[in-house]
Amino acid sequence: MSASPQSHPPAFVIRPLTEADLPAARVLWTHAEGVELAEGDSEPELAAYLRRNPGASQVAFAGSRLVGAVLAGHDGRRGFVYHLAVASAARSHGLGRELVSRALAALKAQGVRRVLLLVARDNAGGRAFWVRSGWAPLEFAEPMGIDL
């Protein structure tokens, strides 16, 4: 009797997101439930953000296919995490947590001590992910914005 083959998680390569990765990352973000690209998320604007925040944003590849991405940076004082997405076929391997962990480590190395993010009110899955990962809602604050 032969032993049944064990299922091994796929091998991922994780590294900082570069400008060359932006087209594939934007496709992933566009198709990810709960992630919304909006004003400020054009390829040239995201490239400028990466130049201002080198090494903070992260991507994951399975072979040559981009399967995860997170956009992260800071304003010199507070860190921000945007657009975390993992392709459905690459989920349940801790990839989202690892991408965020590496982004937070990069921000911490740059002197950032507090990081913020926004989760859409109707994104229950995203909200649950962030709470499981140790993030807490800021009961004393509500996000606000203005389009210029």
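No lab work stands behind these numbers, since they all come straight from the coordinates. Bear in mind that the values here come from a model prediction, so they are computed numbers and not experimental data. Every residue, glycine as well, gets a Cβ built from its backbone with ideal geometry; the counts of neighbours run over all protein chains shown.
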message: Placing unit charges on C-beta atoms (Lys and Arg positive, Asp and Glu negative, everything else neutral), compute the dipole magnitude of the chain about its Cα centre in debye, rounded to 20.
response: 700
Nitroxide proxy distance, nm - points 7 Å out along Cα→Cβ at residue 97 and residue 64: 3.2
- request: Take the Cα pairs of segment 19-94, get the Kirkwood Rh, then feed it into Stokes-Einstein at 25 °C and 0.890 mPa s and tell me D in µm²/s.
  value: 191
task: Pull up all non-local amide H partners of residue 115: gap of 5 or more, or a different chain, and H-to-H distance under 5 Å with H placed in the peptide plane.
output: 79
Karplus-derived HN-Hα couplings along segment 132-145 (A = 6.51, B = -1.76, C = 1.60, θ = phi - 60°), whole Hz, x at Gly and Pro: 4, 8, x, 7, 10, x, 8, 5, 8, 9, 10, x, 9, x
- request: Output the antiparallel fraction of DSSP beta bridges having both residues in segment 19-148, as a percent to the nearest 5.
  value: 80
task: Could you pull out every residue, at least 5 positions away or on a different chain, whose amide H is within less than 5 Å of the one on residue 68? Hs are placed 1.01 Å off N in the peptide plane, and Pro or chain starts have none.
output: 60, 87
task: Could you point to the residue in 105, 23, 68 farthest towards the positive end of segment 13-132's charge dipole, with +1 and -1 charges on the Cβ of Lys/Arg and Asp/Glu respectively?
output: 105
message: Considering only C-alpha atoms, what is the centroid distance from segment 33-99 to segment 115-148, in Å?
response: 16
query: How about segment 17-120: which GluC sites (Glu not before Pro) there are in a DSSP loop, with at most 15 other Cβ atoms within 10 Å of their Cβ?
result: 33, 36, 39
field: Taking N as its residue count, the alpha carbon Rg of the chain over 2.2 N^0.38 Å
entry: 1.11
message: Whole-Hz ³J(HN,Hα) for each residue in segment 28-41, computed from phi via Karplus 6.51 cos²θ - 1.76 cosθ + 1.60 with θ = phi - 60°, x for glycine and proline: what do you get?
response: 4, 4, 4, 8, 7, 5, x, 10, 10, 7, 9, 4, x, 10
